[in-house]
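In what follows, a single structure is set out as structure tokens and then discussed.
Any read-out appearing in this document is the output of simple, stated calculations on the displayed coordinates, not a laboratory observation. Because the structure is predicted, anything quoted here is derived from the model rather than measured. Cβ placement follows ideal geometry from the backbone for every residue including glycine, while neighbour counts extend to all protein chains displayed.
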Amino acid sequence: MNINPNLTKLQSYPFERLNKLLAEDQPNTLLRPLNLSIGEPKHRPPEFVIEELMSESAMNSSLSQYPATKGSQSLREAISSWFISRFETRLNPDTQVLPVNGTREGLFSIAQSVLSGRANSSVGMPNPFYQIYEGAALLAGSTPFFFNHETTNGNKPNFKDVDHSAWQQCDLLYVCSPANPSGYILSDEESKWLLEKSMEHDFVIISDECYSEIYINETKKPKSLLQICRDLGNPSFKNCVVFHSLSKRSNLPGLRSGFIAGDAEVIKNFLKYRTYHGSAMPPHHQRASEKAWGDEAHVVQNRQLYREKFDAVRQVLETSFVLDEPDGGFYHWINLNYSDELFCQKLYQQQAVKVMPGSFLSRPVKRNDSMVNPGAKHIRVAWVAELAECIEAAKRMVALKESL
């Protein structure tokens, strides 16, 4: 049987690798298992979304029609209204906005419509990263290149260390701000530098902004890349698109709802691809999404819950760990100075807590004469469980650290 040869280039997903790492280990049976390895929001979804999805009349209407790939006019207008309210940047809902079935699906599939297919085509991405970026590049026949985010450099991306040849061959660049896993927010200067590079070498920038609504400091709200485009006199957002999601913002990972916005030409081509791909958002999801984008009260409350958890776990963890506090997102990215795989095994065996080894979220890169993994000796902890569970998990992490 023939298969796409690019499928053989894909590596196991981090959660598969974690399950394999822990497969022969038994957690401490005296403790309740706590899973903080996956960034799956656990706060309660907005009640009005649940009501919309339970409406008999709405469902009767929704299930009797094929959805438009472009999404409803009212949803695109709701997204545009939210975007100008949040980022002070105007979008044309007819040409610069397109719903997607969660950012994961969109971040992967957009590579199919953007990449040129030319020899030596490359796709840039952060390291550590969201593995969808790498898979999208490989299955579209391109080659990934990485820019590292390292704790020794304040988790800043080392864009300027990338070889000139990589920029010349670049067709597409993924960035994530706030970053997964570190929570680092790109500065205006970093964004402007990338935009200039994009114009110089004519590549598309994909900005994954799905954590933009979870931030610690109200005076340091994450910006959208489209804001920077506007400030630089690029109101058409040439070569730039951003992704946003209701999964983190509104605790709706199961709704599979997000959107892409930006360069109208990129959106036009992506819509054409999606029409063939068959990825239209169901009408009842569109109506529920429209309501979610139109309400900020639940987002403010959600953000406060994460702040309370960060405040609580920080007081526990800082006695035994050196913490780099994130500016956004809901992860702690902790440098252990200890084997991340071994720490995760011991934490599971002795304390019944699952967290993600940092090396599973990144790729080794050449430095001098050796290969270095920037995620090694780190763990990613997702503070998505209820407050009491997060505090308990933090205490167990400290107990293990003190025993090593």
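Computing Rg and the Kirkwood Rh from the Cα coordinates of region 66-294 gives a ratio, Rg/Rh, of 0.94. Highest mobility in the GNM of the chain, judged by mean-square fluctuation with C-alpha springs under 10 Å and restricted to 50, 38, 79, is found for 50.
Which of the helices in the chain meet the span-like rule: DSSP H, Cα axial reach of 18 Å or more, Kyte-Doolittle mean at least -0.5? Those that clear 18 Å and a mean of -0.5 are 73-87, 387-403.
Dipole magnitude for the chain: about 480 debye, using +1 per Lys or Arg Cβ and -1 per Asp or Glu Cβ, origin at the Cα centre. Mean residue ellipticity, 222 nm, helices only, the chain: the sum of -39500 (n - 2.57) across DSSP H runs of n ≥ 4, divided by residue count and rounded to 500, is -12500 deg cm²/dmol.
Rounded to the nearest 5, the antiparallel percentage of DSSP beta bridges internal to region 66-294 is 35%. Each of residue 345 and residue 31 was given a label point 7 Å from its Cα along the Cα-to-Cβ line. The distance between the two points is 1.7 nm. Under 13 Å of direct C-alpha separation, and excluding same-chain neighbours fewer than eight residues apart, residue 346 reaches these aspartates and glutamates: 24, 25, 402.
Report note on the peptides 292-300, 51-59, 135-143, 156-164: ranked by the mean count of other C-beta atoms within 10 Å, highest first, their order is 135-143, 292-300, 156-164, 51-59. When 404, 232 are sorted by how many other C-beta atoms sit within 10 angstrom of their C-beta, beginning with the fewest, the order is 404, 232.
Seen from residue 113, the other residues with C-beta closer than 14 Å to its C-beta sum to a net charge of -1, counting Lys and Arg as +1 and Asp and Glu as -1. Taking amide hydrogens as placed 1.01 Å from N in the peptide plane, the amide H of residue 365 sits under 5 Å from those of 372, 373, each at least 5 positions away in sequence or on another chain. Pairs exceeding a 20 Å alpha-carbon distance, out of 238/272; 309/395; 156/192; 70/272; 42/377; 366/401: 42/377; 366/401. The lysines within cross-link reach of residue 291, meaning a Cα-to-Cα straight distance under 17 Å and a gap of 8 or more places when in the same chain, are 248. Sort region 279-346 into rounded, prolate or oblate with this rule: let a ≥ b ≥ c be the square roots of the eigenvalues of the Cα gyration tensor; rounded if a/c is under 1.5, and if a/c is not under 1.5, prolate when a/b is larger than b/c, oblate otherwise. Oblate is the answer for region 279-346, as a/c is 1.5 or above yet b/c matches or exceeds a/b. Relative contact order for the chain: 25 percent, from Cα pairs under 8 Å spaced at least 6 residues apart, divided by residue count. With a Förster radius of 51 Å applied to the beta-carbon distance between residue 152 and residue 64, the computed FRET efficiency rounds to 0.30. Each residue of region 241-251 is assigned a 3J(HN,Hα), and the resulting list reads 9, 10, 10, 10, 9, 8, 4, 7, 4, 10, 6 Hz, derived from the Karplus form 6.51 cos²θ - 1.76 cosθ + 1.60 (θ = phi - 60°), x at Gly and Pro.
In whole angstrom, region 24-178 maps to an equivalent ellipsoid with semi-axes of 34, 28, 17, each derived as √(5λ) from the alpha carbon gyration tensor and ordered largest first. Charge tally around residue 141: other residues with Cβ under 11 Å, Lys/Arg +1 each, Asp/Glu -1 each, net +1. Region 27-102 and region 341-355 have Cα centres separated by 34 Å. For region 362-371, 3J(HN,Hα) computed residue by residue from phi via the Karplus equation (6.51, -1.76, 1.60; θ = phi - 60°) reads 8, 10, x, 10, 6, 9, 6, 10, 9, 9 Hz, glycine and proline entered as x.
When each of 225, 323 is scored by the number of other beta-carbon atoms lying within 10 Å, the sequence from fewest to most is 323, 225.
What net charge do the residues around residue 376 carry, taking every other residue with its C-beta under 14 Å from that of residue 376, with Lys and Arg at +1 and Asp and Glu at -1? The answer is +2.
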